[in-house]
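Worksheet: the structure to be examined is printed underneath.
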Amino acid sequence: MLRKLNILTLDWPLRQERLFPRVQPLIVEIGFGNGDFLIHLAQTRPDCNIIGLEISSQSMDKAEAKIEALGLDNARPIHSRGETALAHLFAPESVREFHINYPDPWFKKKHHRRRFIKRETVDLLTSRLTATGRLLLATDIREYAEMAHGIFAKTPGLSNQFDSPWVNSRTDRFRTKYERKGYREGRRGHFFVYHRNDEPVVHPPLIEELEMPHLFLHSPLRAAEIVDRFQATRRKLGDVHVAIIHAYADAKRDVAVFEVVVEEPTIEQHTMIMLAPRAEAGAYIVRMTSLGQARATLGMHRAVEAVGEWVAGLDAAGMVLERKIRG
Ligand SMILES: C[S@@+](CC[C@H](N)C(=O)[O-])C[C@H]1O[C@@H](n2cnc3c(N)ncnc32)[C@H](O)[C@@H]1O
């Protein structure tokens, strides 16, 4: 069985040699759906390694099963938002091609921010392309095509391969499942092919994992008393949102565990933070746990700090003693 891959268990940045038998130029498909296009890429481009990114677990299962059944060793699906992988997995100038086929449109105006093609994402895509890299997008929604054209045309580092903003027919193209359905129902694709030109671009830095955060505190309260006083809370710390949603105590071990949701611009983590006693009476450490596969991001540093400060603030005699938290 193929080991299931997800953004939280992989190396940041990605190490090809851990996933593939050969290190080869990388092609990435974002939002691969049923995986047919991904498999077509793997079969027709044996000299490249193909990575698919998906947020749907069902799509992941289907693609994994097909890749395994076909014995393809140059394709691996990864459970991740495309945006997260661009920020944490792929170093600048490391991807030969990006394929984005029929991204979700998010029609309502209030949801436009969730659209995959937007300024920040296109800048990241451009930065991650190699010197001869290409970016290919297909959409059957005219409004989405116009929006994408508006962004691509103003992106330093990208040049349109066509004389028109897009083309409506590409005879050389393998059709995705969504595309085949669209054709049966009379919808037509708008196809974009851009290549990396030699204009310099600003590279948004690859976000690597930080050292583990921790905070030492003193409190006269026992873990069970701390949990008794718990109320769900939400904090905004810069561009990080930390929601502490549940607390559980193990009274015998004097341990408390806090369930947190940490939202950062590039990643969202739903995990646990632990409060555990130290040797000295009333002293505790607050730290991440191995439960929930969390990664030590700036947001997790903020979350450990938020839990520690909340616990220390519960009693007048409580205080933070020391913190290893990124500022
Ligand atoms: C309309 S479907 C198209 C599927 C496939 N590309 C095709 O053409 O048949 C959009 C796909 O993108 C996935 N998706 C949506 N947002 C995503 C994101 N931010 N990162 C990765 N995948 C995403 C969805 O789960 C879905 O499978």
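Quick look at the numbers
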{"quantity": "Only listed residue being within 12 Å of the ligand (Cβ to nearest atom) and either of a type outside the set (Gly, Ala, Ser) or not assigned by TED's automatic domain parsing to the domain that holds PRO265 (or both), chosen from ALA131, ALA85", "calculated": "ALA85"}
{"quantity": "Segment 50-109, subset crowded, with 18+ Cβ neighbours inside 10 Å and among the aromatic types (Phe, Trp, Tyr), residue farthest from LEU158 (Cα to Cα)", "calculated": "TYR102"}
{"quantity": "Tally, over segment 40-71, of residues that are part of a helix (DSSP H, G or I), more than 23 Å from the chain's Cα centre (by Cα) and of a type in the set (Lys, Arg)", "calculated": "1"}
{"quantity": "Of all residues making up segment 269-292, the number that are free of Cβ contacts under 8 Å to residues at least 60 places away in the same chain and not hydrophobic (A, V, I, L, M, F, W, C)", "calculated": "7"}
{"quantity": "Tally of residues being over 25 Å from PHE191 (Cα atoms) and in contact with a strand residue (DSSP E or B) (Cβ under 9 Å, 6 or more places away or on another chain) across segment 47-59", "calculated": "1"}
{"quantity": "Where a residue in segment 168-185 is in contact (Cβ under 8 Å) with a residue 12 or more places away in the chain and its partner, wherever it lies, is among the basic types (Lys, Arg) and away from the ligand (no atom under 11 Å from the Cβ), with Cβ under 6 Å and at least six apart", "calculated": "ASN168/ARG188"}
{"quantity": "Residues within segment 148-192 that are in a loop (DSSP other than H, G, I, E, B) and surrounded by 17 or more Cβ atoms within 10 Å (Cβ to Cβ), tallied", "calculated": "6"}
{"quantity": "Residue in segment 225-241 that is assigned by TED's automatic domain parsing to the domain that holds ASP315, in contact with an Asp or Glu (Cβ under 8 Å, 6 or more places away or on another chain) and at pLDDT 95 or above present", "calculated": "yes"}
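The values are calculated or read from the model by the stated rules, or taken from the named source; none is laboratory data. What you are looking at is a predicted structure, and each value in this text was computed from that prediction instead of being measured. Quick reminder, even Gly has a Cβ in these numbers, built from the backbone with ideal geometry, and neighbours come from all protein chains shown.
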